[in-house]
Amino acid sequence: MKRSARYWIREILILAILAIVITSAMDWFRSQDLPSESAPALSGVTLDGKTVDVIAMSHDKPVVVYFWATWCPACKFVSPTIDWLSQFYPVIGVAGSSGNSGRVRQYMQAHEYQFDNINDERGEIFHRWSISVTPTIFIIKDGKVASATSGITTPPGLLVRLWIN
């Protein structure tokens, strides 16, 4: 039997709404322990030798803080979006438990990632920020957490978070 276009549009809308509800619930559940008001201090030296201070930077423009790992399967989908976003907004990546700085630098070069990155070899920054899931993305504005999300996200999802904050 042939189904009408109206039937398929309704089915797609139902699935889209279900997906939004499920991912929102998962995001809320995973982010319960994350900082939600004042952002913890985050300063350090990037793999390129640049000194960064996220709180100070966030007073000029929202800063995207991207917690990720070279071994993280979901990060393989999110990192290209973060890299693209770094052309328009300040992005500070924090690679956790990914080996020494040379290994992380080599990984980033192989994937042609251009965003600034701090290597958190011992997981100290991850611990201070209560990160237990990668990828986790924060938007820091005026020293405060404007948005936090974990798991796979899309370019439109990140842009909306930046624009509304």
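The values are calculated or read from the model by the stated rules, or taken from the named source; none is laboratory data. Computed from a predicted structure; not experimentally measured. FYI the Cβ positions are ideal-geometry reconstructions off the backbone, even for glycines, and counts take in every protein chain you see. Protein only, heavy atoms only, side chains kept; ligands, DNA and RNA dropped before computing areas. Shrake-Rupley method; radii C 1.70, N 1.55, O 1.52, S 1.80 Å.
Does Ser130 satisfy being in contact (Cβ under 8 Å) with a residue 60 or more places away in the chain, out of contact with any helix residue (DSSP H, G or I) (no Cβ under 8 Å at 6 or more places or on another chain), surrounded by fewer than 18 Cβ atoms within 10 Å (Cβ to Cβ) and under 18 Å from Ala148 (Cβ atoms)?
Taking the combined requirement at face value, the residue satisfies it.
Of all residues in region 133-147, how many are more than 20 Å from Thr70 (Cβ to Cβ) and open to solvent by 30 Å² or more (accessible area, probe 1.4 Å)?
Going through region 133-147 one residue at a time, the tally reaches 4.
Name, by its number, the condition in (1) surrounded by fewer than 21 Cβ atoms within 10 Å (Cβ to Cβ); (2) assigned to a strand (DSSP E or B) that does not hold for Asp60.
Here Asp60 clears every test but (2).
For region 63-78: of the residues being in contact (Cβ under 8 Å) with a residue 12 or more places away in the chain and in a loop (DSSP other than H, G, I, E, B), which is farthest from the chain's Cα centre (by Cα)? Break it down stepwise before answering.
Our first condition is that a residue be in contact (Cβ under 8 Å) with a residue 12 or more places away in the chain; within region 63-78, this holds for 63-72, 74-75, 77-78.
With in a loop (DSSP other than H, G, I, E, B) added as a condition, the list becomes 69-72, 74.
Numbers: Ala69: 11, Thr70: 14, Trp71: 15, Cys72: 13, Ala74: 11 Å.
Top of the filtered list is Trp71.
Look at region 79-115 and say how many of its residues are part of a helix (DSSP H, G or I), over 18 Å from Arg161 (Cβ atoms) and open to solvent by 30 Å² or more (accessible area, probe 1.4 Å).
Total meeting the criteria: 8.
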